[in-house]
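Reviewing the structure listed below.
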Amino acid sequence: MRRLQNHDFPNNLQELETLVDRALRQARQQRGDHLPVALPEAVFWTGTEQGRHRFDLWRWKPQWRHWMRAPALWNSLLYGLVSWLFIAVNLALWLGPQTRADNSVLKLFWAWWWPLILLTYPLVGRLWCAVCPFMVWGRLAQKLTPWRQRVWPHGDTDRWAAPALAAGFAAILLWEEVWNLEDTAWLSSALLLLITTGAVIGSMLFEKRFWCRYLCPVGGMNGLFAKLAITELRAESGTCSGSCSSYACFKGGPAEGEGLASEGCPLGSHPAQLSDNRNCVLCMSCVQACPNRSVQLRLRPPAADLQRRMDAPAGERGLILVLAGGVCLHHWQRLLGWLPLAPMSLHEGPLLPRLSFAALALAIPSAAGIWFQRRWLYACLPLLWALLLARHLPLGMQEAGTVLPEGWPQWQADRHVIAFCQTFVVGIGWIGAAVLLRRLADLNRWSWLTGTMMLLMMGLAGRWLVAL
């Protein structure tokens with residue numbers, strides 16, 4: 001009802017009749033071709049406005065589309081490489097040396113993965129989820145489960161799932177800092193296996209990738225920062241409305257023309273009704289299923305998803321504040337170390353004071369940002385991305401080049417080079433936040449300048465916080 005009420009219906013009853021008919025055809029189940037009890041919101045797609053300044057990469061290089069939609073590529077990558085690599089990584093973390101200085105796999109996890117995944121967000125958005133090792137095992141468990149998985153819960157699932165996701169991410173951050181996961185190999189492996197367990201249980205209970213869309217902490221962070229990406233996967237709504245009657249990209253179906261047999265979008269999205277990159281993992285399932293070549297891989301301006309009239313879940317602000325709290329938590333001594341009851345370290349000593357100060361540091365952005373309007377928090381998203389990258393740059397630039405054994409080439413960046421890169425990244429984030437503030441907030445010039453100065457103060461404070 002909310003999606004229908006928020007649409008203008010320029011063609012009135014005729015458009016409404018067409019929209020409902022399309023929703024019914026999308027929702028028909030393949031077995032028996034009968035309708036479910038309730039129609040989910042996702043099938044009522046009204047077609048999003050086609051953004052300006054887009055460039056279709058596949059029209060420019062058609063062979064790229066043929067290569068990227070090939071099932072053999074994804075099957076060999078997921079089941080031939082990622083699944084076995086995940087097993088090898090966990091074995092090395094459990095059986096190998098337990099400190100990062102002596103375990104190259106642990107060094108790869110913390111010094112390579114975190115900086116690299118942050119660097120990929122502005123370029124390819126949520127692409128990591130397409131090759132995620134957690135969901136490889138979830139999909140295997142789903143195929144081996146003897147019972148049929150349930151359909152997703154109807155209603156506004158984000159209303160309860162978004163706060164649960166943010167709370168789960170907060171618990172992981174506390175676990176990382178208080179138990180020193182960065183320098184403890186078996187605990188880092190336990191974190192990976194815990195997320196994998198969530199993916200397996202979610203896949204055994206529900207169809208498709210319910211865990212990835214609503215509850216995965218890594219997926220939530222990926223979906224949030226994917227809104228900054230310069231790439232998007234979208235379908236031409238006119239082609240889908242006029243030429244398609246199977247909607248195989250959404251619900252799955254047999255091969256049809258150029259389209260391959262498909263189980264449909266694993267996140268339950270239709271590429272013509274996506275309003276942002278949050279629920280697109282670039283898995284190419286819709287490209288494989290589409291018989292009309294409607295799906296396009298396009299370049300666009302940065303952060304094109306963040307608009308004044310965007311449709312974002314209300315609970316997503318909690319994840320923004322938790323991620324900001326993670327930066328404060330990692331550098332808690334700069335903020336709270338001067339207090340008389342502060343422990344010497346979060347890694348040693350009685351657990352209660354360590355956990356209390358960790359939770360206090362994690363809650364600082366939430367205490368300040370809970371009063372902010374949601375559009376202000378989204379305007380800060382580029383700055384948050386920059387501060388997270390600046391927080392992980394020292395570890396990456398100091399240790400990423402030392403993963404090879406002694407006697408092999410080693411590389412470490414100078415402290416001044418790291419400091420320059422941190423300042424540069426934070427500066428880029430501040431510029432992006434200032435531009436977004438102009439777009440999202442209805443401010444006059446002087447109010448915008450005042451807000452930009454506030455963002456500058458936040459950027460300078462964050463740069464001081466993440467300094468070496």
Of the residues Gly451, Thr157, Ala441, the Cα lying farthest along the dipole of the chain towards its positive end, which is defined by charges on the beta carbon of Lys, Arg, Asp and Glu, belongs to Ala441
Averaged per residue, the 1.4 Å probe accessible area of the chain, protein heavy atoms only, in Å², is roughly 50 Å²
Taking the alpha-carbon centre of each part, the distance from the range 397-426 to the range 166-224 in Å is 28 Å
With Cα coordinates, the longest principal axis of the chain makes an angle with the long axis of helix 316-330, in degrees rounded to 10, of 20 degrees
Helix 114-124 sits off the longest principal axis of the Cα atoms of the chain, rounded to the nearest 10 on a 0 to 90 degree scale, by 30 degrees
Restricted to pairs 8 or more residues apart or on different chains, the lysines in the chain with C-alpha atoms under 26 Å apart form a number of pairs equal to 6
Expected sort for 74-87, 362-375, 259-272 on mean C-beta neighbours within 10 Å, highest first, is 259-272, 362-375, 74-87
For the range 356-463, the charge dipole (Cβ of Lys, Arg +1; Cβ of Asp, Glu -1; about the Cα centre) points to a positive end, and the Cα of Cys421, Gln410, Ile431 closest to that extreme belongs to Ile431
The answer for Trp152, listing residues at least 5 apart or on another chain whose modeled amide H is closer than 5 Å to its amide H, is Glu207
Taking the chain, the equivalent ellipsoid from its C-alpha gyration tensor has semi-axes in Å, biggest first, of 38, 28, 22
Under the Karplus relation with 6.51, -1.76 and 1.60 and θ = phi - 60°, whole-Hz ³J(HN,Hα) for the range 166-181, x at Gly and Pro, equal 4, 5, x, 5, 4, 5, 5, 4, 5, 4, 4, 7, 6, 9, 6, 5
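How high is the relative contact order of the chain, in percent, with contacts defined as C-alpha pairs under 8 Å that are six or more residues apart? The partial results should precede the final answer.
Details: 682 pairs, mean separation 80.5, N = 468.
After rounding, I find 17 percent.
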For the range 192-199, Karplus-derived ³J(HN,Hα) couplings (6.51, -1.76, 1.60; θ = phi - 60°; whole Hz; x for glycine and proline) come out as 4, 5, 5, 5, 4, 4, x, 5
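Once you sort the root eigenvalues of the Cα gyration tensor of the range 399-468 as a ≥ b ≥ c, which label holds: rounded (a/c under 1.5), prolate (a/b larger than b/c) or oblate (the other case)?
Prolate is the answer for the range 399-468, as a/c is 1.5 or above and a/b outweighs b/c.
For the range 236-313, what is the charge dipole size about the Cα centre, in debye to the nearest 20, if Lys and Arg each add +1 at the Cβ and Asp and Glu each add -1 at the Cβ? Numbers along the way, then the final one.
On the way: 7 positive and 7 negative charges, 56 e Å.
The calculated dipole for the range 236-313 is roughly 260 debye.
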Computed over the chain: longest principal axis from alpha-carbon atoms vs helix 415-440 long axis, angle to nearest 10 degrees, is 40 degrees
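Which of rounded, prolate, oblate describes the range 58-121, given a ≥ b ≥ c as roots of the alpha-carbon gyration tensor eigenvalues and a/c under 1.5 marking rounded, otherwise prolate only if a/b is larger than b/c? Mind dumping the intermediate values first?
Numbers: a/c = 5.60, a/b = 1.96, b/c = 2.86.
Judged from the Cα gyration tensor, the range 58-121 comes out oblate (a/c at least 1.5, b/c at or above a/b).
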Measuring from its Cα centre, the chain shows a charge dipole (+1 at each Lys and Arg Cβ, -1 at each Asp and Glu Cβ) which, in debye to the nearest 20, is 760 debye
Share of Cα-Cα pairs in the range 347-447 beyond 19 Å, whole percent, is 64 percent
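Using only the Cα atoms of the range 143-191, build the gyration tensor, take square roots of its eigenvalues as a ≥ b ≥ c, and label the shape rounded, prolate or oblate: rounded if a/c is under 1.5, else prolate if a/b is larger than b/c, else oblate. Please list the in-between numbers first.
On the way: a/c = 6.77, a/b = 1.60, b/c = 4.22.
Oblate shape, in that a/c is at least 1.5 and b/c is the bigger or equal ratio.
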When the charge dipole of the chain is computed with +1 on Lys and Arg Cβ and -1 on Asp and Glu Cβ about the Cα centre, the Cα farthest towards its positive end, among Val105, Val124, His347, belongs to Val124
Expected sort for 293-299, 95-101 on mean C-beta neighbours within 10 Å, highest first, is 293-299, 95-101
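Assigning unit charges at the beta carbon (Lys, Arg +1; Asp, Glu -1) and nothing else, what dipole magnitude in debye, to the nearest 20, does the range 361-458 show about its Cα centre? Before the final figure, lay out each step's value.
Values: 7 positive and 4 negative charges, 115 e Å.
Roughly 560 debye for the range 361-458.
The values are calculated or read from the model by the stated rules, or taken from the named source; none is laboratory data. Note that this is a predicted model, so its numbers are computed, not measured. Note that we place each Cβ from the backbone using ideal geometry, even for glycine, and neighbour counts take in every protein chain shown. Note: accessible area is taken over every heavy atom of the protein model, side chains too, but ligands, DNA and RNA are not part of it. Shrake-Rupley method; radii C 1.70, N 1.55, O 1.52, S 1.80 Å.
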